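K.L.:
Dumping the structure here so I can ask a few things about it.
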Amino acid sequence: MTPTPTLTLRGKREEGRGKNVRRVLVVSLCSLLTALCPVRVSGEVIDRVLAIIPGQIITLSDVEAALDLGLVEVPADEKRIAFALSAVIDRVLMLNEVRRIAPPEPSPAAIDARVARIRQRIGGPTELSRVLAARGLDETVLRLYAADDLRLASYLEERFSAAAQPTDVEIRQAGESARQRLTDERRRALIGAWTAELRRRADVTVLP
C-alpha cells in the first residue's frame, strides 16, 4: 500500500477537509525554480519549499507551524529552522514507514488527551486558537497530528522497547539506578540509526 503523503501540518489541513493532497513533483525547469525560490503572486511571498521527499514536499510554513505550536523543541544551541526541518523530515519518514503496517486507530479519548497536552504546553485554549488561526489551521488538524503521534509512539515502543533494554552485565557495571538512563540512551541510538537509514532509502533533498 502506498503511504498517504498527508503528514505535515499543511497536508493535515487538506486531509481534514477531505482533499486529495498528493503533491506530484514534476521534474522540469519550472518546478525546479519553484522549489529553489519562494513562490510569489502579485509580488507577495506565498511559501518556500525547504525539502523534497519523493511524492511529498515540506515547506517553510509547515516548519514554522510546527514551531509555533510547540511540536518541535529546539535546543538553545541549534539553528531554529534547520533543526525543526530535520525533525519534521524524520517524522514524515517515520510515519510513512508506520503506515506500511496499517496500525490500529488511536481511541478518541487518547487523542483528546494528546491534544490537551499540546494545548497546555502552548499556553491554553485561547493561545492555541490564536496560533492555529494565524497559520490558517484549525483543531481538526491538531487532532490528526495527535493521532499520528500516538500511532508513531506505539510503533516505536513495539519495535525498540525490548532491544533498548540493557544487559545484566551492563546493569552490574552501572548499577540498577542507571537502568532507565541506559535504556533511554540505547533507544535514542536505535531510533537515530533507523531514521538515518530511512533518509538514505528515501532520497531526501534539502534545499538551500
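Please treat every number below as a calculation from the coordinates, not as lab data. The model shown is predicted, which means the values in this text are computed figures rather than measured ones. Glycine also receives a Cβ, built like all others from the backbone with ideal geometry; neighbour counts cover every protein chain displayed.
K.L.:
Restricting the first residue to segment 176-196 and requiring it to be within 12 Å of Ala163 (Cα to Cα), which pairs with a second residue that is of a type in the set (Phe, Trp, Tyr) meet a Cβ separation below 6 Å and a spacing of at least six or different chains?
P.N.:
Arg187/Phe160; Leu190/Phe160
K.L.:
What are the residues in segment 128-152 that are of a type in the set (D, E, K, R) and not in a helix (DSSP H, G or I), if any?
P.N.:
Residues satisfying the conditions are Arg135, Asp138.
K.L.:
Now for a separate question. Just the residues that are more than 14 Å from Ala153 (Cα to Cα), part of a helix (DSSP H, G or I) and without any contact (Cβ under 8 Å) to a residue 60 or more places away in the chain, please, taken from segment 65-112.
P.N.:
Selection gives Ala66, Leu67, Arg80, Ile81, Ala82, Phe83, Ala84, Ser86, Ala87, Pro108, Ala109, Asp112.
K.L.:
Taking the residues in segment 45-64 that are assigned to a helix (DSSP H, G or I) and of a type in the set (D, E, K, R) as candidates, determine which candidate is surrounded by the most Cβ atoms within 10 Å (Cβ to Cβ).
P.N.:
In this case the residue turns out to be Asp62.
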